[in-house]
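Asks: Here it is, the structure, as structure tokens.
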Amino acid sequence: MARRYPARVRILLAACAALLATMFLPHAASAAVGDLTCTGNFQFDFDPPLTATNTTANAVVGGGLVNCLSLNGQYTRLKSGVRVGQGTVSRPLGLLPCVPVMTIRETAVLTWNTGEVSEFEITVNTDPLAGPITISALFTSGPLAGDTANAFPVVLNPNLDCATAGLTQLTSPLLQVIWS
């Protein structure tokens, strides 16, 4: 049976999700034509759970990319991919567990539909006090080496029991990724 959260928690979650989504949308609209664009999803898992007092954890990411399109024709062979990675997450002390304000740093690999592998470094910053709000990755080897990929999630979902169990997971079932 699904847990029903108090109205103030639901309002706070909705406001945070709306704020984060609107922060990403202006950047997507102004992005220049780049090497590749894909739709996809991601899931970050945090261990131990993030709470008001536990502000650091290990982070593991997984996700996929589909419907890739090379806007300049240089990467037409890349159509989809699967990514995995690991690193750390930190956030300010005192936040409610479900508030997705944090900084994540990870190293990851993306295995393309061609079998080629790209390595990259992910930086996710949703903490306005720690710098610009970004979800970006610097590709260090393989296809797109030297490019930066910027992700623009349409939706961010914390785990359903985060109010009582802490933030153990943050997912986006739909995002747009643009390389340049």
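The values are calculated or read from the model by the stated rules, or taken from the named source; none is laboratory data. Everything quoted here is computed from the prediction, not taken from an experiment. Neighbour counts run over all protein chains shown; Cβ positions are idealised from the backbone, glycine included. For accessibility, only protein heavy atoms count, side chains too; no ligands or nucleic acids. Shrake-Rupley method; radii C 1.70, N 1.55, O 1.52, S 1.80 Å.
Asks: Within segment 131-147, can you find the residues that are touching a residue at least 24 places away in the same chain (Cβ under 8 Å) and buried (at least 16 other Cβ atoms within 10 Å of the Cβ)?
Replies: Across segment 131-147, the qualifying residues are 133, 135, 137, 139, 143, 144, 147.
Asks: Sticking with this one: Which of the residues belonging to segment 109-134 are within 13 Å of the chain's Cα centre (by Cα) and more than 21 Å from residue 49 (Cα to Cα)?
Replies: Across segment 109-134, the qualifying residues are 121, 133, 134.
Asks: Could you list, in sequence order, all residues of segment 121-142 that are at pLDDT below 95, of a type outside the set (Val, Ile, Thr) and assigned to a loop (DSSP other than H, G, I, E, B)?
Replies: Result: 127, 131, 132.
Asks: Now for a separate question. If you check every pair at least six apart or on different chains, which have Cβ atoms under 8 Å apart with a residue in segment 108-126 that is within 20 Å of residue 153 (Cα to Cα) first and a residue that is part of a loop (DSSP other than H, G, I, E, B) and open to solvent by 50 Å² or more (accessible area, probe 1.4 Å) second?
Replies: From residues that are within 20 Å of residue 153 (Cα to Cα), the pairs are 125/132.
Asks: Select from segment 145-169 the residues that are more than 18 Å from residue 36 (Cβ to Cβ) and out of contact with any helix residue (DSSP H, G or I) (no Cβ under 9 Å at 6 or more places or on another chain) and list them in ascending order.
Replies: 160, 161, 164, 165, 166, 167
Asks: Ok, one more. State whether the residues of segment 33-50 include one that is over 25 Å from residue 161 (Cβ atoms), open to solvent by less than 40 Å² (accessible area, probe 1.4 Å) and modelled with pLDDT under 90.
Replies: Taking every residue of segment 33-50 in turn, at least one turns out to be over 25 Å from residue 161 (Cβ atoms), open to solvent by less than 40 Å² (accessible area, probe 1.4 Å) and modelled with pLDDT under 90.
Asks: Which one is farthest from residue 57 (Cα to Cα) among residues in segment 81-130 that are open to solvent by 40 Å² or more (accessible area, probe 1.4 Å) and among the hydroxyl-bearing types (Ser, Thr, Tyr)?
Replies: 114
Asks: Still on this structure, please answer the following. Which count do you get for residues in segment 166-180 that are outside any strand (DSSP E or B) and open to solvent by less than 40 Å² (accessible area, probe 1.4 Å)?
Replies: Number of matching residues: 1.
Asks: Taking segment 64-74, which residues are at pLDDT 95 or above and open to solvent by 20 Å² or more (accessible area, probe 1.4 Å)?
Replies: 66, 67, 69
Asks: Can you find a residue that is β-branched (Val, Ile, Thr), touching a residue at least 60 places away in the same chain (Cβ under 8 Å) and in a strand (DSSP E or B) anywhere in segment 82-90?
Replies: Scanning segment 82-90, I find no residue that is β-branched (Val, Ile, Thr), touching a residue at least 60 places away in the same chain (Cβ under 8 Å) and in a strand (DSSP E or B), so the answer is no.
Asks: Could I ask something else about it? Of a type in the set (Val, Ile, Thr) and within 22 Å of residue 123 (Cβ to Cβ) - does that describe any residue in segment 67-78?
Replies: Taking segment 67-78 as the starting set, the residues that turn out to be of a type in the set (Val, Ile, Thr) are 76.
The next check asks that each one be within 22 Å of residue 123 (Cβ to Cβ); those that pass are none.
So far as segment 67-78 goes, no, none of its residues is of a type in the set (Val, Ile, Thr) and within 22 Å of residue 123 (Cβ to Cβ).
Asks: While we're looking at this one, here's another question. Looking at segment 143-165 only, could you name the residues that are touching a Phe, Trp or Tyr at 6+ places or on another chain (Cβ under 6 Å) and either part of a helix (DSSP H, G or I) or among the small types (Gly, Ala, Ser) (or both)?
Replies: The answer is 145, 149, 163.
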